[in-house]
Ligand code: BEZ
Ligand code: FE
């Protein structure tokens, strides 16, 4: 087909994908073309603006490396990540809600045992996390794998240190909860922090007068065969950014009660010489999603 114009080009492009063998690939690429063309028409996109978009996406790719994922950050800051998460994990009111994964998880973090400290000297106030994993009926889910990661009290993940290597991992660990689904560990109380702003996503936030802050939180990923893998956060109650999270990840059910205590004997029996916090939180797993 030749002599295409602004009115008939979309159908011509879609037709060019007609022989795509995989029906799902065909559906996605066809829909993407239709929506992109509709966007260009609706906004009457100019060539200069389109080139700015190309430059922005190029810079986003160029910012990515083994530990920096600027495309995930972009998806997170335009709410696409949380939309995809939400539509794939609609759960009962009892189950803990799914939230965005974020870019700071590391595969194979250090394996730790119940009661251990994952802070390893990171700045911040000590916090004892006492958790339990149950099913929707409230029955303990035994021996699940619990993966934990968080920023320090200054708002940085270990991987953001330019000298970071796998020997410098802290504030992250993988545990096995016990036969009652219970797990406790020491860490530090998290604080609100900005998502990385030294790349094109930061420039986009500045240009649109958006702040980059996330309310303080600890990330949890919990797995057990037979259940939908849970990826969630436990946020700090009363954090000023709970209603304006830069990545749209806050769910009311994911706000924890971080309680301050004076020095003394902590619930795990350890003697604390300084004030500390406790967080008690129950995770409720939803059944595995069976795909047709
Ligand atoms: C995080 O909480 O680690 C995070 C999530 C999305 C974007 C940036 C950071
Ligand atoms: Fe985080």
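A few notes on this one:
- With respect to (1) within 16 Å of ligand 2 (Cβ to nearest atom); (2) more than 23 Å from residue 278 (Cα to Cα); (3) touching a residue at least 12 places away in the same chain (Cβ under 8 Å), the lone exception for residue 136 is condition (1).
- Residues in the stretch 261-280 that are in contact (Cβ under 8 Å) with a residue 24 or more places away in the chain and in a strand (DSSP E or B): 272, 276, 277, 278, 279, 280.
- Top-ranked residue in the stretch 179-201 [being away from ligand 1 (no atom under 11 Å from the Cβ) and without any contact (Cβ under 8 Å) to a residue 40 or more places away in the chain; ranked as farthest from residue 78 (Cα to Cα)]: 179
- Residue in the stretch 269-278 that is surrounded by 20 or more Cβ atoms within 10 Å (Cβ to Cβ), more than 12 Å from ligand 2 (Cβ to nearest atom) and under 22 Å from residue 82 (Cβ atoms) present: no
- Of the residues screened, residue 96 is not one that is touching a helix residue (DSSP H, G or I) at 6+ places or on another chain (Cβ under 8 Å) and within 16 Å of ligand 1 (Cβ to nearest atom).
- Listed conditions (1) within 21 Å of residue 279 (Cβ to Cβ); (2) crowded, with 18+ Cβ neighbours inside 10 Å are all met by residue 113, apart from (2).
- All positions within the stretch 127-149 that are assigned to a strand (DSSP E or B), more than 16 Å from ligand 1 (Cβ to nearest atom) and surrounded by 20 or more Cβ atoms within 10 Å (Cβ to Cβ): 127, 128, 129, 131, 133, 146
- Residues in the stretch 216-250 that are part of a loop (DSSP other than H, G, I, E, B), more than 17 Å from residue 91 (Cα to Cα) and more than 11 Å from ligand 2 (Cβ to nearest atom): 225, 237, 238, 239, 240, 241, 242, 243, 244, 248.
- Complete set of residues in the stretch 229-240 that are touching a residue at least 40 places away in the same chain (Cβ under 8 Å) and surrounded by 18 or more Cβ atoms within 10 Å (Cβ to Cβ): 230, 231, 232, 233, 234, 236, 239
- Boolean, residue 198 is over 22 Å from residue 148 (Cβ atoms), in a loop (DSSP other than H, G, I, E, B) and more than 16 Å from ligand 2 (Cβ to nearest atom): yes
- Any hit, the stretch 152-172, residues being assigned to a strand (DSSP E or B), within 13 Å of ligand 1 (Cβ to nearest atom), closer than 18 Å to residue 66 by Cα and touching a strand residue (DSSP E or B) at 6+ places or on another chain (Cβ under 8 Å): yes
- Note on the stretch 56-76: among residues that are free of Cβ contacts under 8 Å to residues at least 40 places away in the same chain and part of a loop (DSSP other than H, G, I, E, B), the one that is surrounded by the most Cβ atoms within 10 Å (Cβ to Cβ) is 69.
- Residue 53 fulfils the conditions (1) outside the structural domain of residue 210 (by TED's automatic domain parsing); (2) part of a loop (DSSP other than H, G, I, E, B); (3) within 30 Å of residue 198 (Cβ to Cβ) except for a single criterion, (2).
- Among the residues of the stretch 149-159, just one is touching a residue at least 60 places away in the same chain (Cβ under 8 Å) and away from ligand 2 (no atom under 11 Å from the Cβ), namely 159.
The values are calculated or read from the model by the stated rules, or taken from the named source; none is laboratory data. Keep in mind that this is a model prediction, so the values were computed, not measured. A quick note on method: Cβ atoms are made from the backbone with ideal geometry, for glycine too, and the neighbour counts reach across all protein chains shown.
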